[in-house]
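Undergrad: The structure's right below; bear with me while I get my questions together.
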Amino acid sequence: PKAIKLQDYTPPAFLIDHVDLEFFLEPEGTRVKSLLKVRRNPDSSGPLHLDGDTLELLSIAVDGRALQEKEYLLDEFFLEVEGLPDKFELAIETRIDPVLNTRLEGLYLSGGNFCTQCEAEGFRRITFYPDRPDVMATYSVTMQADEAKYPVLLSNGNLVSQGKGEGGKHWAKWHDPFPKPCYLFALVAGDLACYADSYKTGSGRDVALKIYVQHGNEDKCAFAMDSLIRSMRWDEERFGLEYDLDIFNIVAVDDFNMGAMENKSLNIFNSKCVLASPDTATDADFERIEAIVAHEYFHNWTGNRVTCRDWFQLSLKEGLTVYRDQEFSSDMRSAPVKRIQDVRTLRARQFPEDAGPLSHPIRPESYIEINNFYTATVYEKGAEVIRMMQEILGREGFRKGIDLYFERHDNQAVTCEDFVAAMEDANGVDLEHFRLWYSQAGTPDVAVTWEYDAASSLFTFKLSQHTADTPGQHNKQPLHIPLTIGLLGQDGQDIPLIQQGTNSGDRTYSKTLRFDCEQQNFSFTDVPPGAVPSINRGFSAPVKLSAMYSDDELLFLMENDSDLFNRWEAAQSSATRLILKMIGEIQSGREPQYVSGFARALASNMANPDLDPAFVAQLMTLPSISYISEQMQVADFDAAEKARSFFKHAIATELCGSLKALYQQGVAGTAYSPDAASMGRRALRNAAMDYLATFEDDRDCRELVVRHYETADNMTDRMAALALLNDFSGAEREVALAAFEQRYQQDPVVMDKWFMVQACSRLPDVLQRIKKLTSHPGFSYKNPNKVRALVGAFASANPVRFHAEDGEGYRFLADNIIHMNAINPQVASRILAPLGGWRRMNPKHQKMMKSELKRILATEKLSGDVYEMASKSLG
Ligand code: HT7
Ligand code: ZN
């Protein structure tokens, strides 16, 4: 397969003003008629190039004249016509087979209903078209289908007319007045229930809001609807962005390659990102639904009204929209807790990506398959880059930049460069150096030391930065890093910051330094002795920080830092340091040594009534085995698991009384509510139980977890207990899993949890159990959620068993990737990444992992998706 390069971008030879589509919907053999109003692009030249994939061409005509075969070039993946007038109408008729579409790109069936997924390049599986985001057109769409089977007919924009046809058919015509690229086209036809509400915009327009779901799921839509309404209000208040049509529809489908899709006014969602009730969704699910509903809604401006010129600019819409949804959640809930969660995700998903064979800049320079670039780097690091701009420009300056961006580019397809230029021009600043974040891959390592001169009360930060080489990028440049710092006095209070050489009169306790050279010093005057620095407050920059803290200084920050993010960060650093030491002891055959300072600092936070319980729960959550192993030269998941468990058990032993008290305090008889405060209380109680469960051999503690499971009146508590029982070797586990299955076997969204929890079990025979589960009636290789829950979760979230000594974990993953390659290449390639981690393993495991990658590469009819991931992973 050939790589596509950013530098090769050329504008389209022809533009399309309007698209008229007519669908005659049948599972086997849908006819699609398209009538395009085409005109030559004065800025480009060449033939009319239309993309097409798996299409049967029935006819093609220019201005009403049918073309003969010799008048066009029809290839497997495109259709080209030369010698066309400057302006003409092109009529094309194609035939497609939705029922055969297991890739879930283009028009397909989910639960017997028709739906579409066109981003990134799915529209070419519906009709011949210039399937590129810089061709923007208005659309009229008419659908005809059997009325009994498909009573609901939806597309983008407004419903213009509808009526009855012959033979039990009916039809509907929709019109979308906003020009859009074809990746935002959507169609749904099915038998669906509707949950309705409405919203009055700031300017007084009424918008009809509808969520369509399978019959029987109407009672699980209220939270998503409420999230949508709050998102609409928030975007008006924070960014002055109002919804622009009279209808906003959401449709939930069970078979979906990702979480959701922002098609203009017709968002299509993976059911698990919409449906929620206390009995079926955990607090984390509620939070995710709120964030995804907001994310897709926010795309209406950042992505739809202003879209991407080409797919290299993907972070223009995704990074910015993730940033917006993070800010929304932060305003809806606890800001520090949200920041901690986001940084956990960044570290778990993006940092390893950026340190491995698939590392790429947020604006990649080449790709084989664009679907492989919907990555943590483009999304989450992209959001961090936007956040840094806001940190540099301030909230007001950032808003000015956003306003200018929309003023300049509404209804256009633009580049990341256009976004940065708007930020610069609106604020009169130069972001030239900052732009490097778009093109340079890798996570910068920032080392910080400090000196104190008692005679002059001068405190000096000494900063240095370095970014390691990444595939295809060597000798990295220093970046412009906005590093927010503070200083704590011995009393634990913030010290006012007076920077040497600046004459700012403000009394400030946190300051964002412009750190843009390889090495740089920043000095502060009037600092009393014994000050302890707090560095990268709020995680102002996505860097790996190493600072010369003593163990005691970390504990001091953990107890005192007014920046709650950094208080948590100090706890993570301290725990990581201690666990790494224990790993060393375990590896050299010694007994790990426990030091109790950490537990004391934890206890002081647990006892602090001023702290949000949700925050304390975060503080109590130790770094994951994967994160700890990433800090090692050669990963040793077994030792990491042993050390982490030993550490947790030791803390539980020391704090047993307080943990039991915390657990008991949480037993309040109030009804379930997904608000932040209630979630925080549940999180804290479940964190306490997590520690108490380390007394696995103690009957009382086992019983406590069993009781927690049995008496849970909501899914959060039920899953918290099930996750613990899942690692117990004994009858309790089987009893709980059987009860869960019995209760939820009819609910596919909940059954994903059942599959996933089992895939993540630490028990030694987990792989045998997983293999058996692939034959469970609730499991299907055609459903991406199921494959991700069982196979994906095993490979990415159960490192101890995935990296088993006999290599069976690797073999199982490779077998499944090969199998999935033929069904759904996008899903196959998305579960491959864990095999790319071979460089960090010992030689024996390296060999086994590489051999599985080679086996995948030797597969017949390997998709571009899997080829790209496997070949890059092998290196
Ligand atoms: N913009 C959407 C991306 C997406 C997608 C991409 C490739 C294949 C299938 C897909 N489904 C959705 C989702 C988003 O970021 O909002
Ligand atoms: Zn998005």
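The values are calculated or read from the model by the stated rules, or taken from the named source; none is laboratory data. Note that the coordinates shown come from a computational prediction; the quantities given were computed from them, not determined experimentally. For neighbour counting, all protein chains shown are included, and Cβ atoms are generated from backbone atoms with ideal geometry for every residue, glycine included.
Undergrad: Taking segment 246-267, which residues are in contact with a strand residue (DSSP E or B) (Cβ under 6 Å, 6 or more places away or on another chain), within 15 Å of ligand 2 (Cβ to nearest atom) and of a type outside the set (A, V, I, L, M)?
TA: PHE256, GLY259, LYS264, ASN267 - these are the residues of segment 246-267 that are in contact with a strand residue (DSSP E or B) (Cβ under 6 Å, 6 or more places away or on another chain), within 15 Å of ligand 2 (Cβ to nearest atom) and of a type outside the set (A, V, I, L, M).
Undergrad: Another question, then. Going through segment 330-382 one residue at a time, which ones are away from ligand 1 (no atom under 16 Å from the Cβ), among the polar types (S, T, N, Q) and surrounded by fewer than 21 Cβ atoms within 10 Å (Cβ to Cβ)?
TA: Passing the criteria: SER330, GLN341, SER366.
Undergrad: Looking at TYR139, TYR150, can you tell me which residue is away from ligand 1 (no atom under 16 Å from the Cβ), in a loop (DSSP other than H, G, I, E, B), touching a residue at least 40 places away in the same chain (Cβ under 8 Å) and in contact with a strand residue (DSSP E or B) (Cβ under 9 Å, 6 or more places away or on another chain)?
TA: Exactly one of TYR139, TYR150 is away from ligand 1 (no atom under 16 Å from the Cβ), in a loop (DSSP other than H, G, I, E, B), touching a residue at least 40 places away in the same chain (Cβ under 8 Å) and in contact with a strand residue (DSSP E or B) (Cβ under 9 Å, 6 or more places away or on another chain), namely TYR150.
Undergrad: Name the strands (runs of 3 or more DSSP E) wholly within segment 202-303 that hold at least 1 residues that are within 15 Å of ligand 1 (Cβ to nearest atom)?
TA: Those strands (runs of 3 or more DSSP E) span 247-253, 266-270.
Undergrad: Right, next: Give the residue that is nearest to ligand 1 (Cβ to nearest atom), with candidates limited to residues of segment 304-329 that are within 17 Å of GLY259 (Cβ to Cβ) and acidic (Asp, Glu).
TA: Once the filter is applied, the top-ranked residue is GLU318.
Undergrad: Can you tell me which residue within segment 109-136, out of those that are more than 16 Å from ligand 2 (Cβ to nearest atom) and in a strand (DSSP E or B), is nearest to HIS18 (Cα to Cα)?
TA: So, considering only residues that are more than 16 Å from ligand 2 (Cβ to nearest atom) and in a strand (DSSP E or B), the one nearest to HIS18 (Cα to Cα) is TYR129.
Undergrad: Is it true that ALA186 is assigned by TED's automatic domain parsing to the domain that holds VAL32, modelled with pLDDT of 95 or more, within 16 Å of ligand 1 (Cβ to nearest atom) and surrounded by 20 or more Cβ atoms within 10 Å (Cβ to Cβ)?
TA: Yes; evaluated as a whole, the condition is true for this residue.
Undergrad: While we're here: Would you mind listing the strands (runs of 3 or more DSSP E) fully within segment 438-541 where at least 2 residues are closer than 30 Å to ARG839 by Cα and touching a residue at least 24 places away in the same chain (Cβ under 8 Å)?
TA: Details: elements: 445-453, 458-466, 481-488, 511-515, 519-524, 532-535.
Fully inside segment 438-541 and qualifying: 445-453, 458-466.
Undergrad: Condition test on VAL791, is it assigned to a helix (DSSP H, G or I) and under 25 Å from GLN214 (Cα atoms)? Full working, then the answer.
TA: Numbers: assigned to a helix (DSSP H, G or I): yes; under 25 Å from GLN214 (Cα atoms): no.
Considered against the rule, which asks whether it is assigned to a helix (DSSP H, G or I) and under 25 Å from GLN214 (Cα atoms), VAL791 comes out as no.
Undergrad: Any residue at all in segment 172-185 that is outside any loop (DSSP other than H, G, I, E, B), within 16 Å of ligand 2 (Cβ to nearest atom), among the charged types (D, E, K, R) and within 27 Å of the chain's Cα centre (by Cα)?
TA: Yes, some residue in segment 172-185 is outside any loop (DSSP other than H, G, I, E, B), within 16 Å of ligand 2 (Cβ to nearest atom), among the charged types (D, E, K, R) and within 27 Å of the chain's Cα centre (by Cα).
Undergrad: If the Cβ limit is 7 Å and pairs must be 6+ apart or interchain, which residue in segment 393-421 that is more than 18 Å from ILE362 (Cβ to Cβ) pairs with which residue that is surrounded by 16 or more Cβ atoms within 10 Å (Cβ to Cβ) and of a type in the set (D, E, K, R)?
TA: HIS409/ASP418; ASP410/ARG305; ASN411/ARG305; ALA413/ASP134; ALA413/ARG309
Undergrad: Could you please find all residues in segment 803-829 being without any contact (Cβ under 8 Å) to a residue 40 or more places away in the chain and assigned to a helix (DSSP H, G or I)? Even if it seems obvious, please write down each step before you answer.
TA: Just the residues of segment 803-829 that are without any contact (Cβ under 8 Å) to a residue 40 or more places away in the chain, to begin with: 804-806, 813, 815-816, 819-820, 822, 828.
Within segment 803-829, LEU813, ASP815, ASN816, HIS819, MET820, ALA822, ALA828 meet the criteria.
Undergrad: In this structure, does LYS272 turn out to be basic (Lys, Arg) and under 18 Å from the mean Cα position of the chain (by Cα)?
TA: So LYS272 passes the test.
Undergrad: While we're here: Going by the structure shown, is TYR405 within 16 Å of ligand 2 (Cβ to nearest atom), of a type in the set (Ser, Thr, Tyr) and surrounded by 18 or more Cβ atoms within 10 Å (Cβ to Cβ)? Give the derivation first.
TA: Values: within 16 Å of ligand 2 (Cβ to nearest atom): no; of a type in the set (Ser, Thr, Tyr): yes; surrounded by 18 or more Cβ atoms within 10 Å (Cβ to Cβ): yes.
In short, no.
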